[in-house]
1. Using the Cα centre as the reference, give the magnitude of the dipole from point charges on the C-beta atoms of region 8-96 (Lys, Arg: +1; Asp, Glu: -1; all else neutral), rounded to the nearest 20 debye.
2. Test of understanding: in a Gaussian network model of the chain with alpha carbons linked when under 10 Å, which of Glu20, Glu84, Glu174 would top the mean-square fluctuation ranking?
3. Report the residue, chosen from His60, His183, His199, that carries the largest GNM mean-square fluctuation when the chain is represented by alpha-carbon nodes joined by springs under 10 Å.
4. Tilt of helix 8-21 relative to the longest C-alpha principal axis of the chain, in degrees (0 to 90, nearest 10)?
5. Testing the spin-label approximation: label points 7 Å from Cα along Cα→Cβ at Leu197 and Lys42. State their distance in nm.
6. How large is ³J(HN,Hα), in whole Hz, for each residue of region 190-201 in order, when computed from phi with the Karplus curve 6.51 cos²θ - 1.76 cosθ + 1.60 and θ = phi - 60°, using x for Gly and Pro?
7. According to the Kirkwood expression over distinct Cα-Cα pairs, how big is the hydrodynamic radius of the chain, in Å?
8. What value, in deg cm²/dmol to 500, does the helix sum -39500 (n - 2.57) over DSSP H runs of n ≥ 4 give at 222 nm once divided by the residues of the chain?
Amino acid sequence: MAATPMSTDEMGKALWKAAELGDTRAAAQLLDAGAPVNWQNKAQYGYSVLMKAVSCDQPHAVRLLLDRGADLEARNTWGRSISESAKTEAMRAILKHPVKHLQATIAGLRAQLVGRQKRSEEALAAKQAEMDAALAAKQAEMDAALAAKQAEMDAALAAKQAEMDAALAAKQAEMDAAQAMAHARHSATAVRADNLLLHLADRVTALERTAMEL
């Protein structure tokens, strides 16, 4: 169920209380919602909201109300003015020179805005630096992994090349041994053939001599 909207008098009472406490946030919200800035509390001798803020020495609330158009000339039921309700010189100065103090308030707000802007920029720069550092670290990690993989592939290629070279050398040695053995066999066969020819020649010579003797 929706809440019942506040009446003008209820908003005035709430604004009067916010001014008394110096609650500028609540006061600003009430004023934005339509609370009457010059509402006077009849139960409190016709004190206006601004008069209550002044008598309670709430400078921030006073500046807010003046900024929203509060009447500096308002008086209570006894005819007392707002300036007569001021208890401090600082408050009297605000009422005497409202524009000057409003300008000071605006300057303060601008300074706060500049400060917030600067902090936002610093936070953004810090975040950017953090992201850049993370990106650089990730890039370095990827580069290291790539270098390690390249080294692994180079080592595997070198091992395979060495294995192939060893196999080729072994095959060459095997072929050389086979060729040497074949050469040795050929030499042995040639020697045996020569010996056989010599033996046959000797036999022929012997037979010729025998034939001559006959």
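1. Values: 12 positive and 11 negative charges, 35 e Å.
The dipole of region 8-96 has a size of about 160 debye.
2. In this elastic network of the chain, the residue with the biggest mean-square fluctuation among Glu20, Glu84, Glu174 is Glu174.
3. His199
4. 70
5. Taking the simple label geometry, Leu197 and Lys42 are separated by 15.7 nm.
6. 5, 5, 4, 5, 4, 5, 5, 4, 4, 5, 5, 4
7. On the way: mean 1/r = 0.0361 Å⁻¹.
For the chain, the Kirkwood estimate is 27.7 Å.
8. Details: 6 runs with 163 residues, N = 214.
Here the helix-only value at 222 nm equals -27000 deg cm²/dmol.
Every number here is computed from the coordinates shown, using simple stated rules; none is lab data. These numbers were taken from a predicted model, which means no experiment stands behind them. Quick reminder, even Gly has a Cβ in these numbers, built from the backbone with ideal geometry, and neighbours come from all protein chains shown.
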